[in-house]
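Working notes, structure below.
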Amino acid sequence: MNKPEDDEVECPYCGSTDIARILYGKPFFSEELQEQLDSGKVRLGGCCIHVAEAEDGTMVRTDPERYCNHCGKEF
């Protein structure tokens, strides 16, 4: 299953398409990353990645992947 492109994502809370990807881990700062941060396309989520065990025993990430720049909710 392919992940939707940024311009295809809609906030489930307010319907806005002004959405940022949440980037986890220790990023390598570059001009490109700074531009993405400044434009609201990327938001830093911190260095810790949280996981939980699913019913089938696999480990799944529980951190939100997106942030709505309009209403401020993560999803």
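Here are the numbers:
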{"item": "Meets criteria (exposed (fewer than 11 other Cβ atoms within 10 Å of the Cβ) and either without any contact (Cβ under 8 Å) to a residue 60 or more places away in the chain or polar (S, T, N, Q) (or both)) for Thr17", "result": "no"}
{"item": "Candidate set from the stretch 31-75 (those that are outside any loop (DSSP other than H, G, I, E, B) and within 18 Å of Gly15 (Cα to Cα)); member that is farthest from the chain's Cα centre (by Cα)", "result": "Cys68"}
{"item": "Residue within the stretch 31-39 that is surrounded by 15 or more Cβ atoms within 10 Å (Cβ to Cβ) and among the acidic types (Asp, Glu) present", "result": "no"}
{"item": "Residues satisfying the stated conditions in the stretch 44-68, i.e. in contact (Cβ under 8 Å) with a residue 12 or more places away in the chain and among the hydroxyl-bearing types (Ser, Thr, Tyr)", "result": "Thr62, Tyr67"}
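Read the figures in this text as sums done on the coordinates, not as results from a lab. On a predicted model such as this, the values are computed, not experimentally measured, just so you know. Virtual Cβ from ideal backbone geometry, glycine too; neighbours counted across all protein chains shown.
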